[in-house]
Amino acid sequence: AQPLPDRTPAESAGSIWVLAMSGVRADEAAGTEKSFNVMNVGLGGVGATSVAPGLNTTAFPSGVGTIPLEITEVQSPLLYRRKEFITDSGGAGTMQGGLSQLIEITNTEAADFFVSAATWDRFDNPPRGRNGGYDGRPGKAYLASGQALAGKTTHRIPAGDALIIELPGGGGYGSPLERDEGDVREAVDAGYVSGSSAKSIYQYPRNKAES
């Protein structure tokens, strides 16, 4: 950023969160159980640049695409309950960082399953904003029952519970107060920015007659 101050983007989510999941499922035809191993990926937000907002839920710089969740559901007893953008997860700025996503997965059978968290990162160090932009939201993982989960290990997801991950969001670029008001309005309408953040961070609406 020192030699190229206007050409260096804010930081991105970083590593793809590989969801390598395994367990056993009932084989009704044989009256036994058989193992399953499936893989999917979670993608966070890309950092904004001086001229453009960050891309939502996009791998950077690899460009790897995600796997349709229906494939995972067909090949295993796992079910995706939710897969949705996280409001305010992209760092605020003149250009907002890319949004991250929340993914919730459970087992439709009364059995535990396992997930590798080997590539899960940015729990403690969120993607940093640049040139006055805010940091993106850090990553988080937990069970639906409340227990927090760490990265760089393997977790057992108990039967009847669910795995929830929140990917890191991209850092913002430039001062939020320089963001176009119309752009802020559109972001609120789309659910990318919350009304409270629009008011407290972007100071929107800035024209008191609109409030």
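Just a few scattered comments:
- In the full protein context, segment 1-90 carries 56 Å² of accessible surface per residue, based on a 1.4 Å probe and ignoring ligands, DNA and RNA.
- Axis of helix 181-190 versus longest Cα principal axis of the chain: the two differ by about 20°, to the nearest ten degrees.
- Solvent-accessible ranking of Phe123, Phe36, largest area first, probe 1.4 Å: Phe123, Phe36
- Spin-label pair Phe36-Ser196: with each label point 7 Å from Cα along the Cα-Cβ axis, the two points sit 3.8 nm from one another.
- Placing +1 on the Cβ of every Lys and Arg and -1 on the Cβ of every Asp and Glu, with nothing else charged, gives the chain a dipole about its Cα centre of roughly 480 debye.
- When each of the peptides 179-187, 16-24, 37-45 is scored by the mean number of other C-beta atoms lying within 10 Å of its residues, the order from highest to lowest reads 37-45, 16-24, 179-187.
- Computed across segment 61-155, the Kirkwood hydrodynamic radius from all distinct Cα-Cα pairs reaches 15.4 Å.
- Sulfur and carbon atoms: percent of accessible area, segment 6-86 [1.4 Å]: 56
- If you wrap the Cα atoms of the chain in a convex hull and average its projected area over all directions, you get 13.1 nm².
- Relative contact order of segment 44-148, taken over Cα pairs closer than 8 Å and 6 or more residues apart, is 26 percent.
- Ellipticity estimate at 222 nm from DSSP helix runs (n ≥ 4, -39,500 (n - 2.57)) divided over the chain, nearest 500: -3000 deg cm²/dmol
- Measuring spread by the Cα atoms of segment 1-104 yields a radius of gyration and Dmax of 18.4, 66 Å.
- FRET E, pair Ala118, Val51, Förster distance 41 Å, beta-carbon r, rounded to 0.05: 0.70
The values are calculated or read from the model by the stated rules, or taken from the named source; none is laboratory data. Every value quoted in this text rests on a predicted model; they were computed, and no experiment measured them. All Cβ positions, even for glycine, are placed from backbone atoms using ideal geometry, and neighbour counts span all protein chains on display. For accessibility, only protein heavy atoms count, side chains too; no ligands or nucleic acids. Shrake-Rupley method; radii C 1.70, N 1.55, O 1.52, S 1.80 Å.
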